[in-house]
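See structure below.
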Amino acid sequence: MIAAVVQPPALLSVIRSSNPTPLSLLFLTRAASHRSYGLSAVPHNAGGRHDEDCHNSPLVRAVDRCRSPSSLPALRALHSTLHHHPLLLSHPAVQIKLIRALAACGDPHGARRLFDASPAKKTVFFNIIIRSYVDHGLHLHALSFFVDGTLRHQLKADNYTFPCVLKACAASNHLCGGIQIHGAVTKLCLDSDLFVGNTLIAVYARCGRFSDASQMFDEMPKRDVVSWNAMIAGYAKHGQFERALDLCKEMVAQQNPTPDSGTLASILPAMSRTEIANVELMRKLFDEMSNKNIVSWNAMIAIYANNSMPREAVDLFSKMEIAGIEPDAVTLASILPACGDSSAFTLGRRIHQLIEMKRMRPNLVLENALMDMYANCGCLKTAREIFDSMNWKDVVSWNSIISAYGMHGHGLDAIAFFDQMVKSGIKPDSIAFLSIISACSHAGLVNQGKHYFNLMTEHYHLSPTIEHYACMVDLLARSGNLNEAYDFIIEMPIKPNERVWGALLNACRIYSNMEIGLNAADHLFKLVPEQSGYYVLLSNIYARAGRWEEVMVVREMMINKGIKKLPGCSKVELWNDVHTFYIGDRIHPRSKEIYEKLDVLMVRLKELGYVTETETALHDVEEEDKEGHLLVHSEKLAVAFMLINTSPETPIRITMNLRMCLDCHQAMKLISSITQREITIKDTNRFHHFVCGVCSCGDYW
DNA sequence: TTAGGGTTAG
């Protein structure tokens, strides 16, 4: 019998609310502890009526509405209030609601305590708690609880229990546990269950046991898209990219089942630096997907970002926003590197605001991505602010700040960060060494670079990768030690690649070393015969030596092979728009003003002693117009454009697709001096930060 | 109930 108690209107609205706030629920529980609301009127032995009362109780209904971590304080208050109603609290229906709510509010341990205290232990309780452990990444808790439940409490695991415990095995790579559970599954004849079968595939595939996974897959009475995705994910995770792709293509060809968001996410590891045709295939799957969700959007954005297609990633992100899909932390962490790579600073900054607004910090991955975005957009100071404000830092955070200082030319700071990282107890990994050696290389710190290379191999016992070797060659060669660099290559235990020889050839251009340069070029033309940049480097070496006949020979080689020189291109952001300039470009709507500004600047520059550096460019016919005049390089056009469009205190940020030439570098130093502007240029190698006539690279690049 | 998505170099 429930007494007809008149509810105060405010309290009624709280109880009826479908989305209780912690505050409103606390109010309810405090009020409930002072009034009966019919709860004390629950008859002690009302049988079926008692059940009905349990479900109708406002307190129990309020428990039911606690579904997210923000409701946890309110839920705990409700729970303590229920202790005043022992009959209600001991009812299995109320207990299951409490356990379910605690699990949903992110308190698996609380749910477990309730289970332990409960005399009526049922499989359904068991399943909820295991799932809660798995959802919170507490895989070992899930497994030990499973063992405890089945052995000590004689609980019967069912077709709902096994997928969860097997998921715990798959996620923790616990193959032995998976095999034992498979035995139990077989005894109970549950291996023909679709959900159980799918998780068994996941266990075997994730642990690299492909024959067992395939056997499960082949022998299943019924398969669905999850079965296929589990196989694909296993191959992709273990580097068997072709097999993952073949399986995906087979599914597409059969048209059954239809690939879904999970397929895209499963194949993602196989989509890193893949062929463009594969990226296009994934985009086709994505476009045809009828039930796109946040996972499919995130996976497609990540596919673009991992394949050096940052513009496409940014475009897709815009489409996602237009479609009204709210980005989550994973989306933002995927799009931030794309912002950094494409210098989409305006978007990057907006994402930062979004993160702060949605209170998504602290989030280690997100903060690392944010720091990297700022560094890659030229804002070292903001990157540093993010780094300093982080509560918790991992090796990725340290690597990011080391590489940020390194690519901005602050080698000694990068070294200080590296040493600080080691002192803080974080073990440097392979990328940490790559970052620090690269930082030393940019700053000309040869001995320090060698020290870190030795430290990596001798103290940390890390095997250098081809990237480390390329970095060392760059360090040695660019500092003028060309013979040492050459010997280093010859003694390398792995076959030198394009990057290794490329670093040497570039240094040979700087130091006009014809002999070693020709040797490097010879290797490069065999390795990458279509790459225009190396022909240009060789031609520059000949031009510097005044060997014009050979310059023409190289040019003819390029013409015969149909190799086109990559036209220099610079991008700048102005009021949310990206403006692109090409060498000698006259197509920009404000071209006339840009050239007029440049003319004025050149007069001032020449007064300061600037002489156009024509030594290498003079005979570069592709850089001349019809009248034989040298075409203006794109970065000069970009800087003139920004000078006429922005206020004197606005810093100028330019991103280029080639390395900066000596002439433009000299011009930028002087322009920064006469206009009192900060100019930051990101070329394909590093950042140049020009302030008051001085560049952060110290003219060493 | 099952699969599956994020950060660091060059």
For the stretch A:416-441, which residues satisfy the criterion of being outside any loop (DSSP other than H, G, I, E, B) and either among the hydroxyl-bearing types (Ser, Thr, Tyr) or modelled with pLDDT under 95 (or both)? A:Ser430, A:Ser435, A:Ser438, A:Ser441
Filter result (open to solvent by 40 Å² or more (accessible area, probe 1.4 Å) and aliphatic (A, V, I, L, M)) within the stretch A:447-465: A:Leu455, A:Leu462
Quick check, is A:Ala253 within 8 Å of DNA strand B (Cβ to nearest atom), assigned to a helix (DSSP H, G or I) and either surrounded by fewer than 21 Cβ atoms within 10 Å (Cβ to Cβ) or aliphatic (A, V, I, L, M) (or both)? no
So A:Leu630 clears everything in (1) under 28 Å from A:Arg478 (Cβ atoms); (2) modelled with pLDDT of 90 or more; (3) of a type outside the set (Asp, Glu) except one condition, right? Which one? (2)
Can you tell me which residue is nearest to A:Ile129 (Cα to Cα) among those in the stretch A:152-183 that are away from DNA strand B (no atom under 15 Å from the Cβ) and open to solvent by less than 40 Å² (accessible area, probe 1.4 Å)? A:Leu155
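Just to be sure I understand, how many residues within the stretch A:660-701 are in a loop (DSSP other than H, G, I, E, B) and either polar (S, T, N, Q) or in contact (Cβ under 8 Å) with a residue 40 or more places away in the chain (or both)?
11
Residue-by-condition table, conditions (1) under 26 Å from A:Met251 (Cα atoms); (2) assigned by TED's automatic domain parsing to the domain that holds A:Leu89; (3) more than 12 Å from DNA strand B (Cβ to nearest atom):
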residue	(1), (2), (3)
A:Ile129	no, no, yes
A:Gly137	no, no, no
A:Thr150	no, no, yes
A:Thr186	no, no, yes
A:Phe210	yes, no, yes
A:Asp218	yes, no, yes
A:Ala230	yes, no, no
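Kindly indicate the residue of the stretch A:118-127 that is open to solvent by 10 Å² or more (accessible area, probe 1.4 Å) and within 15 Å of DNA strand B (Cβ to nearest atom) and also farthest from the chain's Cα centre (by Cα) among those meeting that condition.
The residue in question is A:Thr123.
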Would you confirm whether any residue within the stretch A:509-530 is open to solvent by 70 Å² or more (accessible area, probe 1.4 Å), at pLDDT below 85, outside the structural domain of A:Asp474 (by TED's automatic domain parsing) and not in a helix (DSSP H, G or I)? no
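Matching residues to (1) open to solvent by 80 Å² or more (accessible area, probe 1.4 Å); (2) assigned to a strand (DSSP E or B); (3) farther than 22 Å from A:Thr650 by Cα:
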| site | (1), (2), (3) |
| --- | --- |
| A:Ile563 | no, no, yes |
| A:Thr580 | no, yes, no |
| A:Arg586 | yes, no, yes |
| A:Leu601 | no, no, no |
Return the pairs, sorted by first residue and then second, in which the second residue is of a type in the set (Asp, Glu), the first residue lies in the stretch A:387-400 and is in a helix (DSSP H, G or I), the beta carbons are less than 7 Å apart, and the residues are 6+ apart or on different chains. A:Val395/A:Asp429; A:Ser400/A:Asp372
Of everything in the stretch A:120-137, what is in contact with a Ser or Thr (Cβ under 8 Å, 6 or more places away or on another chain) and either more than 14 Å from A:Leu166 (Cα to Cα) or part of a loop (DSSP other than H, G, I, E, B) (or both)? Give them in sequence order. A:Thr123, A:Phe125, A:Phe126
Determine the pairs where a residue that is part of a helix (DSSP H, G or I), located within the stretch A:343-366, has a partner that is away from DNA strand B (no atom under 15 Å from the Cβ) and open to solvent by 40 Å² or more (accessible area, probe 1.4 Å) with Cβ atoms under 6 Å apart, the partner being 6 or more residues away or on another chain. A:Phe345/A:Glu573; A:Thr346/A:Glu573; A:Thr346/A:Asn576
Counting only residues that are surrounded by 19 or more Cβ atoms within 10 Å (Cβ to Cβ) and more than 10 Å from DNA strand B (Cβ to nearest atom), which one in the stretch A:282-299 is nearest to A:Arg359 (Cα to Cα)? A:Phe286
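The values are calculated or read from the model by the stated rules, or taken from the named source; none is laboratory data. As the structure is a prediction and not an experimental result, all values here were calculated from the model. Glycine also receives a Cβ, built like all others from the backbone with ideal geometry; neighbour counts cover every protein chain displayed. Keep in mind that these areas ignore ligands, DNA and RNA; they rest on the heavy atoms of the full protein, side chains included. Shrake-Rupley method; radii C 1.70, N 1.55, O 1.52, S 1.80 Å.
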